[in-house]
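Working notes, beginning with the structure itself.
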Amino acid sequence: MFKSFAPLLLVPLLLLGLAGQPAPAEAHHAHHDAAGIVLHRYADYINQKNWPAFAGLWSAGQQPMWSSFFGSADNRKQHAGVLGVKRAKLVGYKEVPKELGLNFVGNGTGRYLETSGAESRFFYAAFRYDVFRESQYRLNGMNYMLMVLVNENGHWRICHCSVAPTARFIESGYGFGTADERTYDERRQRFVH
């Protein structure tokens with residue numbers, strides 16, 4: 001009689017054992033999100049107009065520059081730079097190899113990454129913006145950015161953010177495969193004087 005109940009007891013015990021284990025996707029998501037959280041906060045703080053928190057996302061060397069930028073009445077009045085974004089949404093991002101990303105950062109960032117000994121990660125990110133005034137740096141709709149994060153004292157911080165050369169990322173196999181991505185560089189050119 002016990003043998004007939006054994007399979008019935010085995011199923012609940014297996015289910016109870018699995019309940020305590022994280023799903024593989026969740027475990028990967030938690031690891032992957034260590035730096036990805038910064039990318040999400042980048043958009044969140046723009047939407048909240050929480051400029052002190054936004055400045056805090058940046059590496060220690062960049063934070064004074066951001067504090068000064070946000071403190072300028074002229075920048076606020078003219079909707080300069082990131083102040084010109086009404087709404088932002090992170091649509092997606094892909095981590096790219098450091099060797100690829102280093103091709104698109106300035107010498108200052110490159111030297112910083114080489115001399116600091118800091119752990120760094122490179123991301124190709126897609127943001128949807130609603131802007132006050134379009135420019136070659138920010139368009140209404142999809143925008144593509146190269147963002148470099150460094151680990152400072154156990155926290156991921158942004159040390160570089162620039163318009164991404166989408167054609168190069170597409171050619172390298174890191175594109176998102178969308179029509180607006182393929183025409184991004186062309187759409188930005190109408191604002192180049």
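The values are calculated or read from the model by the stated rules, or taken from the named source; none is laboratory data. As the structure is a prediction and not an experimental result, all values here were calculated from the model. Every residue, glycine among them, receives a Cβ derived from its backbone with ideal geometry; neighbour counts consider all protein chains shown. Just so you know, the surface numbers come from the protein's heavy atoms only, side chains and all, with ligands and any DNA or RNA stripped out. Shrake-Rupley method; radii C 1.70, N 1.55, O 1.52, S 1.80 Å.
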| note | With all protein chains present, the stretch 115-155 has a carbon and sulfur share of its accessible area (1.4 Å probe) in percent of 42
| Tell me, what ³J(HN,Hα) does each residue in the stretch 39-48 have, in order and in whole Hz, if you take phi through Karplus 6.51 cos²θ - 1.76 cosθ + 1.60 with θ = phi - 60° and put x for Gly and Pro? | 5, 5, 5, 3, 6, 4, 5, 5, 5, 7
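For residue 185, what is the net charge nearby, where nearby means another residue's Cβ is under 15 Å from its Cβ and Lys, Arg count +1, Asp, Glu -1? Write out the running numbers ahead of the final one.
Numbers: positive: 138, 168, 182, 187, 188, 190; negative: 134, 171, 180, 181, 186.
Local net charge: +1.
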| query | By a straight-distance test (C-alpha under 29 Å), which lysines pair with residue 49 as possible cross-link partners, with residues fewer than eight away in the same chain excluded? | reply | 77, 86, 89, 94
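Going by average Cβ neighbours within 10 Å, how do the peptides 135-148, 54-67 rank, with the highest at the top?
135-148, 54-67
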| field | Accessible area of the stretch 36-94 belonging to carbon and sulfur atoms, whole % at 1.4 Å probe | value | 51
